[in-house]
Amino acid sequence: LHNGWKRPARVAITLVDGSSLPVASFTRTVPPESTVQVNRPFWTKGGRADIDSGYAVVSVLFGQHVVAYGSVVDNQTDDPTTIAMKEGLGSVDQWLGAAANTDGAHGSSWRTDLCLLNRSGEAATAEVRYRSDDGVSTAETIVLQSGEQKTLPDLVGELGQSGGGSVQVFSDRRVFASSRTYNVGDTGTFGQFIDAVPVGSSAAVDQTVWLPQLEQNGSFRTNLVILNSGHLTTRVLIRLFDRDGHELAARRRTLAPMERTQLQEPFSRIAGRNDIDGGYASVTVEAGGGIVAFASVVDNATNDPTTVPMSF
C-alpha cells in the first residue's frame, strides 16, 4: 500500500477466497508519502495456508492517491509476480495478448493460468475464447457466482491445444480477467502477470503506444506482442530505439481481425543489436484499430519473464 498524499491515509482490507467467503478483514494507516507492506496476510490475518485463488478488496476510508498491488511469490524459486490493482467491476469484452502451452528459447517451457473474478453483484457467464496463432479457435463457458473467482490452470492445454495465441473473455456481466504466463523450470516457476485489456482501452487509428525499459544483450532478451482485437484489418508501424532515443529500425505489420503477431528478439533480428540495456519501442496505428501491445523481457539464465504493458 502506497500513500502519495501529504496526510495519513486509512484503508480497509478484506481478504476473500475463491468461493467468495471472507477470510479476514483489517485496517491499516499509511503515513504520508510512505509505503506499508503487509506480509502473508492470508496466513497472518486469516490463518489460511490453503488459498489457491484468493483476492483482496482495498477500500480507502480516508485520504487519496492510494496505490495498492499484490506480489505472489513462488516459494521454490522466490520469483515474484506483480498483481496490479483494478478499479470498478471489469469489462464484458476484453483481451489477453498472450496464452501458451509451448516450448521456447533457452530450454523454456511456457504455460498460462487464466483468472476470472466476478464482483458484479450477480451471477455471470463468461465465454473464454482462445485463438491460436495458426487460426484455430476453441472456447469454454465459465459460470461465476457473485464474488466468486476461478483460476483455470494451463488454459491452452486444458482446451486441448498447444502453441501460443490470444484469449478473448466475453461475458454477460462485467468481470475481471487476468493471467499468469510462466516458464516451468526444474525447481519451480518463473512467471509474468498479463492483464486483460478491455476493447475500449485498445489503441485506435493515429494513436501511438510506448514500451519502455527493454533489453537485448547477453543477460536478457525482449519479445514484442501485437494483437488486433478489432474487426478491421489494421496496419501498425513498429519503431525500435536505443536508450539515447536513436531510432534503430522500423517495420510495418498488417494484421487481420483478431490476428496476433509476436516479434522474437526484434532488437537482434531486425536492428542487428545485442547490446541494448535500456531501449524502448513504439507502436503506431496507421489504419484500423483495436491494437493491444506489450513486451516481454526475459532473463536468459532463468527464463524469468517481465511484462512491459503498453503506455499511451
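Across region 88-105, computed HN-Hα scalar couplings (Karplus, 6.51 cos²θ - 1.76 cosθ + 1.60, θ = phi - 60°) run x, 10, x, 8, 9, 8, 8, 10, 10, x, 7, 8, 8, 8, 7, 8, x, 5 Hz from first to last residue, x flagging Gly and Pro. Work through the residues other than ARG28 whose Cβ is under 13 Å from its Cβ and net out their charges, Lys, Arg +1 and Asp, Glu -1. Result for the local shell: +2.
Along the Cα-to-C-beta direction of SER20, a point sits 7 Å from the Cα; which residues of region 89-120 have their amide N less than 14 Å from that point? Of the residues in region 89-120, 117-120 have backbone N under 14 Å from the label point off SER20. Residues whose amide H falls under 5 Å from that of ALA249, counting only those 5 or more places apart or on a different chain, are LEU240, with hydrogens built in the peptide plane.
For GLY147, the residues whose modelled amide H falls within less than 5 Å of its own, excluding neighbours fewer than 5 places apart on the same chain, are ASN118, ARG119, SER120, GLY121. With a Förster radius of 30 Å applied to the C-beta separation of ALA139 and SER71, the computed FRET efficiency comes to 0.40.
Identify which of ARG252, ARG131, ARG119 has the largest mean-square fluctuation in a Gaussian network model of the chain, with springs joining Cα atoms closer than 10 Å. The residue that fluctuates most here is ARG252. Among the lysines, which fall within straight-line cross-link reach of LYS86, defined as a Cα-Cα distance under 22 Å, with same-chain neighbours fewer than 8 residues apart omitted? Partners within reach: LYS150. Average accessible surface for region 127-239: 43 Å² per residue, computed with a 1.4 Å probe over protein heavy atoms with every protein chain in place. Take the Cα of GLN207, step 7 Å toward its Cβ, do the same at LYS45, and the gap between the two points is 3.4 nm. In sequence order, region 46-62 has phi-based couplings of x, x, 10, 10, 10, 8, 9, 8, x, 8, 10, 10, 10, 10, 8, 7, 8 Hz under the Karplus curve 6.51 cos²θ - 1.76 cosθ + 1.60, θ = phi - 60°, and Gly or Pro positions carry x.
Amide H contacts under 5 Å for LEU152: LEU114, CYS115, LEU116, restricted to partners 5 or more places along the chain or on a different chain, H placed in the peptide plane at 1.01 Å from N.
Counting 0.36 nm for each residue step from HIS106 to ALA301 and taking away their Cα separation leaves a gain of 69.4 nm. In the Gaussian network model of the chain, springs joining C-alpha atoms below 10 Å, which of ALA84, ALA301, ALA56 carries the largest mean-square fluctuation? Greatest mean-square fluctuation among the candidates belongs to ALA301.
The values are calculated or read from the model by the stated rules, or taken from the named source; none is laboratory data. For clarity, every value in this text was computed on a predicted model and none was experimentally measured. Cβ coordinates were reconstructed from backbone atoms using ideal geometry, including for glycine residues, and neighbour counts include every protein chain displayed. Protein only, heavy atoms only, side chains kept; ligands, DNA and RNA dropped before computing areas. Shrake-Rupley method; radii C 1.70, N 1.55, O 1.52, S 1.80 Å.
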